[in-house]
Amino acid sequence: NAGVTQTPKFQVLKTGQSMTLQCAQDMNHEYMSWYRQDPGMGLRLIHYSVGAGITDQGEVPNGYNVSRSTTEDFPLRLLSAAPSQTSVYFCASSYLGRTQFNYGYTFGSGTRLTVV
Amino acid sequence: QQPVQSPQAVILREGEDAVINCSSSKALYSVHWYRQKHGEAPVFLMILLKGGEQKGHDKISASFNEKKQQSSLYLTASQLSYSGTYFCGTKERGSARQLTFGSGTQLTVLP
């Protein structure tokens, strides 16, 4: 059981480049989300999804796009990378039930992104 | 509204106890607790759903005081493996906002 798998683990981008961070889970979780973690600021929500075809914005969505075509995959796209997007990115998933807030989140191992 | 965690950091010796607090200015529906070791992903510890609820996980337990909009994480007889950063995540009652995480409490257990 792999849980939540994120790729790549490390990435260096030049300003203006675009890229996609991959996230896949094999637990049949309906809820998936993307967080960024910056020193001293905890985890901030970028985008989330409660099922295939359904996505919504979190606290810090600007500069990022997501889509959810399957239950398993939830890629995060950086449209035009900026130095302010240098961060560690985590994908998380959970069961939904009546609400995802009744269940613990399973996090991927993270992607460390540097934009130069 | 980001919950406020205190203290920001704590250092203790193996076998000592610690308490980490998580406070919100909003009425809460649920409180999650996670531990993150350096360079790793956050790992789920426990969730509290009802005011006054207490849960335990080995020698780590937590309480949820709905009236005070506060949760506390209790680490008893700390082990070296307890070192890491502890985050609380809160869901506000009646709000469409998603789970919001505090900025974390860094716990260091020394031999």
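The values are calculated or read from the model by the stated rules, or taken from the named source; none is laboratory data. Given the structure is predicted, the values throughout are model-derived calculations rather than measurements. Note that each Cβ is placed from the backbone with ideal geometry, even for glycine, and that neighbours are counted across all protein chains shown. Remember, those area values only see protein heavy atoms, side chains included, never the ligands or the DNA or RNA. Shrake-Rupley method; radii C 1.70, N 1.55, O 1.52, S 1.80 Å.
When restricted to residues that are open to solvent by 50 Å² or more (accessible area, probe 1.4 Å) and within 19 Å of B:Asn65 (Cβ to Cβ), the range B:28-45 contains 1.
The strands (runs of 3 or more DSSP E) found wholly in the range A:32-106 and carrying at least 2 residues that are over 11 Å from the mean Cα position of the chain (by Cα) occupy A:43-51, A:54-57, A:87-94. Within the range A:46-56, the set of residues being modelled with pLDDT under 95 and open to solvent by less than 60 Å² (accessible area, probe 1.4 Å) comprises A:Tyr48, A:Ser49, A:Val50, A:Gly51, A:Ala52. Quick one: would you say B:Ser83 is under 19 Å from B:Val4 (Cβ atoms) and surrounded by fewer than 21 Cβ atoms within 10 Å (Cβ to Cβ)? In short, no. For the range A:9-19, indicate whether the set of residues that are surrounded by fewer than 17 Cβ atoms within 10 Å (Cβ to Cβ) and closer than 22 Å to B:Phe101 by Cα is non-empty. No; the residues of the range A:9-19 include none that is surrounded by fewer than 17 Cβ atoms within 10 Å (Cβ to Cβ) and closer than 22 Å to B:Phe101 by Cα.
Every condition in (1) part of a strand (DSSP E or B); (2) free of Cβ contacts under 8 Å to residues at least 12 places away in the same chain holds for B:Gly39 except the one numbered (1).
Conditions tested, residue by residue: (1) open to solvent by 50 Å² or more (accessible area, probe 1.4 Å); (2) in contact with a helix residue (DSSP H, G or I) (Cβ under 6 Å, 6 or more places away or on another chain); (3) more than 15 Å from B:Gly104 (Cα to Cα); (4) within 11 Å of chain A (Cβ to nearest Cβ).
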{"residue": "B:Pro3", "(1), (2), (3), (4)": "no, no, no, yes"}
{"residue": "B:Gln8", "(1), (2), (3), (4)": "yes, no, no, yes"}
{"residue": "B:Ser24", "(1), (2), (3), (4)": "no, no, no, no"}
{"residue": "B:Leu49", "(1), (2), (3), (4)": "yes, no, yes, yes"}
{"residue": "B:Gly56", "(1), (2), (3), (4)": "yes, no, yes, no"}
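Under the condition of being more than 14 Å from chain A (Cβ to nearest Cβ) and either open to solvent by 20 Å² or more (accessible area, probe 1.4 Å) or under 14 Å from B:Ser30 (Cα atoms) (or both), the residues counted in the range B:86-111 number 3.
Name the residue, out of A:Thr111, A:Thr86, that is among the β-branched types (Val, Ile, Thr), at pLDDT 95 or above and open to solvent by 30 Å² or more (accessible area, probe 1.4 Å). Give the steps one after another, and end with the answer.
On the way: A:Thr111 fails: open to solvent by 30 Å² or more (accessible area, probe 1.4 Å).
That would be A:Thr86, the only listed residue that is among the β-branched types (Val, Ile, Thr), at pLDDT 95 or above and open to solvent by 30 Å² or more (accessible area, probe 1.4 Å).
Yes or no: the range A:64-75 includes at least one residue that is in contact with a His (Cβ under 6 Å, 6 or more places away or on another chain), hydrophobic (A, V, I, L, M, F, W, C) and either under 30 Å from B:Thr105 (Cα atoms) or more than 11 Å from every other protein chain (Cβ to nearest Cβ) (or both). Talk me through it step by step, then tell me what you get.
Initially, the range A:64-75 is screened for residues in contact with a His (Cβ under 6 Å, 6 or more places away or on another chain), giving A:66.
After this cut, where a residue has to be hydrophobic (A, V, I, L, M, F, W, C) as well, the list is A:66.
If we keep only those that are either under 30 Å from B:Thr105 (Cα atoms) or more than 11 Å from every other protein chain (Cβ to nearest Cβ) (or both) as well, we get A:66.
For the range A:64-75, residues in contact with a His (Cβ under 6 Å, 6 or more places away or on another chain), hydrophobic (A, V, I, L, M, F, W, C) and either under 30 Å from B:Thr105 (Cα atoms) or more than 11 Å from every other protein chain (Cβ to nearest Cβ) (or both): present.
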